[in-house]
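A short reminder: the numbers here are calculations on the coordinates, not readings from a lab. Since this is a predicted model, take the numbers as computed values, not measurements. Cβ placement follows ideal geometry from the backbone for every residue including glycine, while neighbour counts extend to all protein chains displayed.
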Amino acid sequence: MQKTVHIIGAGISGLSAAVRLANAGYKVAVHEATQQAGGRCRSYFDAATNLTIDNGNHLLLSGNRHALSYARSIGTEAGLVGPARAQFPFVDLASGRRWQLDLGDSRLPLWVFDEARRVPDTTLRDYLALAPLAWAGTAALVGNTIPCKGTLYDRLVQPLLLAALNVDPPEGSAGLAGAIVRETLLAGGQACRPLIARDGLSSVLIEPAVKLLQERGHSVQFSHELRTLGMSGDRVSELDFGGGDKIELAADDAVVLAVPPRAAATLLPGLKTP
């Protein structure tokens, strides 16, 4: 008998899980509380400008192999486009100074040895000081692992980690920050090329996944907000969507919570969340 996996949330994480599980032979049922898929990674039509606008500036890097694998699995990898070389213009708003960080196209971080390509007024020693971050444990904080000060930190590390971790870097996870550094800056320019969704987030990353799932006979339900998880011992036995709308789970069925931390903690009291 085919196992069913219920995925709560149709953001990009939920859709990615759904596509991967569907390809692995599971029956998938996606339940989304709102009226559209994508969560914070989607596009919308703005009547005032007559334009389709992305909900935020979502920038991928070429080293994000999981995101690229997801796009490949739904047939839209070609919709992620960017320059052939990893170059990033910077401007210091306080001083007005401008420079370009040139990570090149190598698979090694050779750019740190070239004064003309790295952050101005930094030395090789500054970059070596980031080494503890690359192998930090998940329980460590960035502020306790590397010095959160200095030219390199102010001009590159702080803005990079702020964007990636979405938290003041010293308070962020050194383990997560280390993974970012290992898979981008330390992996050379080949892993750092910027990519954007050419035709918009929804058309490249969201709508094709929903269509693929539906065409294969899987379900994606909108305005279907999970209210309560019914438990039987240490396993989920029932999904309660309110108003008498309940789904009894078979012994081999599974549930994936692809929801924000606050929603996850509400559904599973006592769950430790970021």
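Numbers at a glance
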quantity: First in the stretch 182-201 and farther than 17 Å from R85 by Cα, second anywhere and among the β-branched types (V, I, T) and surrounded by 19 or more Cβ atoms within 10 Å (Cβ to Cβ), Cβ under 6 Å, 6 or more apart; calculated: A197/V204
quantity: Residue list for the stretch 181-211, filter: closer than 30 Å to H6 by Cβ and surrounded by fewer than 19 Cβ atoms within 10 Å (Cβ to Cβ); calculated: S203, K211
quantity: Qualifying strands (runs of 3 or more DSSP E) (wholly inside the stretch 161-274; at least 2 residues being among the charged types (D, E, K, R)); calculated: 235-240, 246-248
quantity: Considering residues of the stretch 216-237 that are under 14 Å from A29 (Cα atoms) and in contact with a strand residue (DSSP E or B) (Cβ under 6 Å, 6 or more places away or on another chain) only, the residue surrounded by the fewest Cβ atoms within 10 Å (Cβ to Cβ); calculated: Q221
quantity: Qualifying positions in the stretch 28-68 - under 30 Å from A250 (Cβ atoms) and in a helix (DSSP H, G or I); calculated: H66
quantity: Some residue of the stretch 98-109 being polar (S, T, N, Q) and either assigned to a loop (DSSP other than H, G, I, E, B) or free of Cβ contacts under 8 Å to residues at least 12 places away in the same chain (or both); calculated: yes
quantity: Those residues of the stretch 65-84 which are polar (S, T, N, Q) and out of contact with any strand residue (DSSP E or B) (no Cβ under 9 Å at 6 or more places or on another chain), in sequence order; calculated: S69, S73
